[in-house]
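Scroll down for the structure; my scribbles are underneath it.
Read-outs throughout are calculated quantities, based only on the coordinates presented, and are distinct from any laboratory measurement. Computed from a predicted model, the values in this text were never measured in an experiment. Reconstructed Cβ throughout: ideal geometry from the backbone, glycine too, with neighbour counts over all protein chains shown.
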């Protein structure tokens, strides 16, 4: 799948909501993703997003009705038919360390900083998410928020 042109990175929560785990947000997140396919040349995720998706949809503490392993794998596989997986590479670590230092990032927010570092290393400046607050401090990116 191509990664040329104007791309948008998709956060884990949009995939989780689109999978039907949260029925209230399922339709809304699917509509947003459809609009993003029309607006951007490609939509991207990373291996981190795949791991987070599998964790959230199969875990009984994060899902009301957890997916079986087969359901989770089938669901993420369906998403992967239309999403580009951006590879993680050595340059991301340098960008991550820069962002952590610049924004004084600690704890679980390191995962968010890693997403931004990966985006920047692939020249992607748009992030679609349902958690704008997690990313609004990063001035290097534009946020497309599900809730707006």
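Before moving on, here are some points about what is shown:
- Residue 15 being in a helix (DSSP H, G or I), in contact with a helix residue (DSSP H, G or I) (Cβ under 8 Å, 6 or more places away or on another chain), farther than 15 Å from residue 124 by Cα and without any contact (Cβ under 8 Å) to a residue 40 or more places away in the chain: no
- The single condition among (1) in a helix (DSSP H, G or I); (2) over 21 Å from residue 36 (Cβ atoms); (3) under 17 Å from the mean Cα position of the chain (by Cα); (4) touching a residue at least 24 places away in the same chain (Cβ under 8 Å) that residue 72 does not satisfy is (4).
- Only residues that are touching a residue at least 12 places away in the same chain (Cβ under 8 Å) and assigned to a loop (DSSP other than H, G, I, E, B) were counted across segment 124-148, and they come to 11.
- Sole residue being surrounded by fewer than 18 Cβ atoms within 10 Å (Cβ to Cβ), touching a residue at least 40 places away in the same chain (Cβ under 8 Å) and in contact with a helix residue (DSSP H, G or I) (Cβ under 7 Å, 6 or more places away or on another chain), chosen from 64, 88: 88
- Residues (closer than 21 Å to residue 126 by Cβ and assigned to a helix (DSSP H, G or I)) located in segment 34-62: 34, 35, 36, 37, 38, 39, 47, 48, 49, 50, 52, 53
- Unique residue being part of a helix (DSSP H, G or I) and more than 18 Å from the chain's Cα centre (by Cα) when the list is 28, 102, 65: 102
- Single condition residue 77 does not satisfy, out of (1) under 12 Å from the mean Cα position of the chain (by Cα); (2) part of a helix (DSSP H, G or I): (1)
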